[in-house]
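Visitor: Quick one: the structure is below, and I'll ask about it shortly.
The values are calculated or read from the model by the stated rules, or taken from the named source; none is laboratory data. Keep in mind that this is a model prediction, so the values were computed, not measured. Cβ coordinates were reconstructed from backbone atoms using ideal geometry, including for glycine residues, and neighbour counts include every protein chain displayed.
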Amino acid sequence: MKYSKAQILRRVHSIPELRFEDQRLSSFSGLVVIQALFKKLDLRVRLKHCFQHIRHSKVISFSVISILLIVHSMLGYRRLRELERYKDDPIVLRTLGLSRLPDVSTVTRRLSEVDSESVANVRQTNRDLVLAPLTAMLVSRLTMDFDGSVLSTGRFAEGTAVGFNKQKKGKRSYYPLFCTLAQTGQVLDMYHRPGNVHDSNGAEDFILRRVYDVRSALPGAKLEARLDSAFFADKHVDMLDKEGVEFTISVPFERFAELKGMIERRKRWKHLDGKWSYFETRWSPKCWPSDFRFIFIRQKVRKQYREPIQLDLFIPHEHGYDFKVIVSNKKSSARNVLRFHNGRGAQENIFGELKSQCQMDYIPVRRLAGNQLYLMSAVLSHNLLRALQMERTQPQKKTTEKRSPLWIFQEANTIRRHLLHRAGRLTRPGGKLRLTMSGNERTKKTFLDYLAALGTAA
């Protein structure tokens, strides 16, 4: 169908008259889908149980504050004072079950009153929510990635300390340890720590508990774990091997003269492709009770950027290679072990999204438990947006050596643009509540698909 020029072009130079009316208008109509998700997961009741041991206001309870922080993160806001930007939004209020939002001072006061038991309960709730759909699917393989991430603060906060902080040197920070699942890209759990601890501090117990959690939920699944060189220790290697977990761990080979000697003396390397080559052997440090499979890998590079300790070992212009060593108990080929281990780089993408799009690195109060709850709210926000997409579609990808997510996920910012940040108007014609939005066909289909997947009638 052809349109005339007059039908296409319109005068746009004139600025319309502005009028502000007290109507029930919303900038976040997409929250009706989030409300349906909360209802299906029974999130409000779950969170209420997390705080039942604390005396609190019957109106602005800790569970309401938790849901508010989750919604706050989902909408893309960072600082608590930004609550003012949507305090009159009717869809936000209905999602929270409130007639008005609490003041910022009330939210900070509640965060300062949270205790460690409450945080532990919220962590358990998060683990249950992450593992439940995988249990229902009878997933046959699950891959756990373990690593820490620095959360900086510009001021004093309980539990912070000055430690290694690559981005903001000399700043106080937290250094929580995370366990993420490769198949869903969700955070299974986090262990909160000060900023001056070693990467592996408290890791053994944390890893073991997460293995038990997964094995309890998925007793028949094959478990895998990937860790970086900070976790290279006999206690971690031995524990994972005894628990029947297939693992790969990066080896800080520059600390071991014998490993450096093996690399320097090696003349023949087996080619994986035009870029990678390898050799492998059975070896163990003197203090280890048994030996393990060590895979030595080199990669052709144009330039090498070495730490000072490695400059003493290898002269970049002579070798033209980058080296890495992996210890593993996997039985698959070296090629597959390398691809599997390189897949852990996806965890950095998760950390990046959590910080830049879910505001995980914001430190709102001075109390440790309050900051932990805010962090868990950001984690829940990320996990729930992933769960929402998992509800809508079936797994669309096969498991590869890298263990990439089984679903094609959109980032939090994309979900906000396409779903959450939609204008709408609440009315009640004939006593029936109605939300009116733009008739854009793509938006309409997206909404209806999500609501149908969540078992909610449009």
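Visitor: So, of the residues in region 424-450 that are within 21 Å of residue 38 (Cα to Cα) and hydrophobic (A, V, I, L, M, F, W, C), which turns out to be surrounded by the most Cβ atoms within 10 Å (Cβ to Cβ)?
Guide: Among them, the one singled out is 447.
Visitor: Could you tell me whether region 141-148 includes any residue that is part of a loop (DSSP other than H, G, I, E, B) and either at pLDDT below 90 or surrounded by 20 or more Cβ atoms within 10 Å (Cβ to Cβ) (or both)?
Guide: Taking region 141-148 and keeping what is part of a loop (DSSP other than H, G, I, E, B), we get none.
No, that holds for no residue.
Visitor: Any residue in region 163-173 that is outside any loop (DSSP other than H, G, I, E, B) and without any contact (Cβ under 8 Å) to a residue 12 or more places away in the chain?
Guide: No.
Visitor: Could I ask something else about it? Quick one: is residue 212 loosely packed, with under 15 Cβ neighbours inside 10 Å and either closer than 26 Å to residue 403 by Cβ or touching a helix residue (DSSP H, G or I) at 6+ places or on another chain (Cβ under 9 Å) (or both)?
Guide: Yes.
Visitor: When region 191-201 is examined, which residues are found to be within 20 Å of the chain's Cα centre (by Cα) and more than 18 Å from residue 376 (Cα to Cα)? Write out each step before concluding.
Guide: Of the residues in region 191-201, the ones within 20 Å of the chain's Cα centre (by Cα) are 191-195, 199-200.
Passing the criteria: 199, 200.
Visitor: While we're here: Does residue 97 satisfy being under 29 Å from residue 372 (Cα atoms) and within 26 Å of the chain's Cα centre (by Cα)? Before you say what the answer is, go through the steps one by one.
Guide: Details: under 29 Å from residue 372 (Cα atoms): yes; within 26 Å of the chain's Cα centre (by Cα): no.
The answer is no for residue 97.
Visitor: Is it the case that region 161-177 has a residue that's basic (Lys, Arg), within 30 Å of residue 287 (Cβ to Cβ), surrounded by fewer than 19 Cβ atoms within 10 Å (Cβ to Cβ) and touching a strand residue (DSSP E or B) at 6+ places or on another chain (Cβ under 8 Å)? It would help to see each step written out before you state the result.
Guide: Kept after step one, since they are basic (Lys, Arg), are these residues of region 161-177: 166, 168-169, 171-172.
If we keep only those that are within 30 Å of residue 287 (Cβ to Cβ) as well, we get none.
Checked region 161-177: no residue is basic (Lys, Arg), within 30 Å of residue 287 (Cβ to Cβ), surrounded by fewer than 19 Cβ atoms within 10 Å (Cβ to Cβ) and touching a strand residue (DSSP E or B) at 6+ places or on another chain (Cβ under 8 Å).
Visitor: May I pose another question? Within region 351-368, is there a residue that is free of Cβ contacts under 8 Å to residues at least 60 places away in the same chain and either among the small types (Gly, Ala, Ser) or farther than 30 Å from residue 115 by Cβ (or both)?
Guide: yes
Visitor: Any residue at all in region 127-136 that is closer than 30 Å to residue 408 by Cα, of a type in the set (D, E, K, R), assigned to a helix (DSSP H, G or I) and at pLDDT 95 or above? Spell out the reasoning first.
Guide: So the first thing to find is which residues in region 127-136 are closer than 30 Å to residue 408 by Cα, and the list is 127-136.
Now restrict to residues that are of a type in the set (D, E, K, R): 127-128.
Filter once more, so that each one left must be assigned to a helix (DSSP H, G or I): 127-128.
The next check asks that each one be at pLDDT 95 or above; those that pass are 127-128.
Yes, some residue in region 127-136 is closer than 30 Å to residue 408 by Cα, of a type in the set (D, E, K, R), assigned to a helix (DSSP H, G or I) and at pLDDT 95 or above.
Visitor: Pick from 443, 414: which is part of a helix (DSSP H, G or I), closer than 21 Å to residue 75 by Cβ and without any contact (Cβ under 8 Å) to a residue 12 or more places away in the chain?
Guide: Working: 443 fails: without any contact (Cβ under 8 Å) to a residue 12 or more places away in the chain.
When all the criteria are applied, what remains is 414.
Visitor: Just checking, how many residues over region 94-110 are in a helix (DSSP H, G or I) and touching a Lys or Arg at 6+ places or on another chain (Cβ under 7 Å)? Lay out the reasoning, then the answer.
Guide: Restricting attention to region 94-110, the residues satisfying the condition of being in a helix (DSSP H, G or I) are 94-96, 104-110.
Next, from what is left, pick out any that are touching a Lys or Arg at 6+ places or on another chain (Cβ under 7 Å): 104.
Looking only at that region, the number is 1.
Visitor: Next question, about the same structure. Given the structure, is residue 448 among the aliphatic types (A, V, I, L, M) and in contact (Cβ under 8 Å) with a residue 24 or more places away in the chain?
Guide: Working: among the aliphatic types (A, V, I, L, M): yes; in contact (Cβ under 8 Å) with a residue 24 or more places away in the chain: no.
So residue 448 fails the test.
Visitor: Among the residues of region 264-296, what is the count of those that are closer than 19 Å to residue 231 by Cα and surrounded by 10 or more Cβ atoms within 10 Å (Cβ to Cβ)? Break it down stepwise before answering.
Guide: Of all residues in region 264-296, those closer than 19 Å to residue 231 by Cα come to 283-296.
Filter once more, keeping what is surrounded by 10 or more Cβ atoms within 10 Å (Cβ to Cβ): 283-285, 288, 290-296.
Count: 11.
Visitor: Which count do you get for residues in region 108-145 that are under 20 Å from residue 64 (Cβ atoms) and in contact with a helix residue (DSSP H, G or I) (Cβ under 7 Å, 6 or more places away or on another chain)?
Guide: So the answer is 14.
Visitor: Considering region 398-423 alone, what residues qualify as being in contact with a strand residue (DSSP E or B) (Cβ under 8 Å, 6 or more places away or on another chain), crowded, with 16+ Cβ neighbours inside 10 Å and over 30 Å from residue 139 (Cα atoms)?
Guide: 422, the sole residue that qualifies.
Visitor: Which of the residues spanning region 86-107 are touching a residue at least 40 places away in the same chain (Cβ under 8 Å), out of contact with any helix residue (DSSP H, G or I) (no Cβ under 6 Å at 6 or more places or on another chain) and either among the aliphatic types (A, V, I, L, M) or buried (at least 17 other Cβ atoms within 10 Å of the Cβ) (or both)? Explain how you work it out, then say what you get.
Guide: Keep residues of region 86-107 that are touching a residue at least 40 places away in the same chain (Cβ under 8 Å), which gives 86, 89-92, 94-95, 97, 102, 106-107.
With the extra rule that they be out of contact with any helix residue (DSSP H, G or I) (no Cβ under 6 Å at 6 or more places or on another chain), the set shrinks to 89-90, 94, 97, 102, 106.
Selection gives 89, 90, 94, 102.
Visitor: Here is a follow-up. Going through region 264-280 one residue at a time, which ones are in contact (Cβ under 8 Å) with a residue 24 or more places away in the chain and assigned to a strand (DSSP E or B)?
Guide: 270, 276, 278, 280, listed by residue number.
Visitor: Got a number for residues in region 186-197 being assigned to a loop (DSSP other than H, G, I, E, B) and either buried (at least 21 other Cβ atoms within 10 Å of the Cβ) or among the charged types (D, E, K, R) (or both)? It would help to see each step written out before you state the result.
Guide: Restricting attention to region 186-197, the residues satisfying the condition of being assigned to a loop (DSSP other than H, G, I, E, B) are 192-193, 195-197.
When the remaining residues are screened for being either buried (at least 21 other Cβ atoms within 10 Å of the Cβ) or among the charged types (D, E, K, R) (or both), the result is 193, 195.
Total meeting the criteria: 2.
Visitor: Hey, can you tell me all the residues within region 248-263 that are surrounded by fewer than 14 Cβ atoms within 10 Å (Cβ to Cβ) and either in contact (Cβ under 8 Å) with a residue 24 or more places away in the chain or among the aliphatic types (A, V, I, L, M) (or both)?
Guide: Correct list: 257, 258.
Visitor: I'd like to know if region 14-30 contains one or more residues that are without any contact (Cβ under 8 Å) to a residue 24 or more places away in the chain, assigned to a helix (DSSP H, G or I), out of contact with any Gly (no Cβ under 8 Å at 6 or more places or on another chain) and more than 20 Å from residue 419 (Cβ to Cβ). If you could, list the steps in order and put the result at the bottom.
Guide: Going residue by residue through region 14-30, those that are without any contact (Cβ under 8 Å) to a residue 24 or more places away in the chain are 14-22.
Pick out the ones that are also assigned to a helix (DSSP H, G or I) and you get none.
No, that holds for no residue.
Visitor: Given the residues 376, 360, which is the only one that is in a loop (DSSP other than H, G, I, E, B), of a type outside the set (Asp, Glu) and surrounded by 22 or more Cβ atoms within 10 Å (Cβ to Cβ)?
Guide: Working: 376 fails: in a loop (DSSP other than H, G, I, E, B).
The match here is 360.
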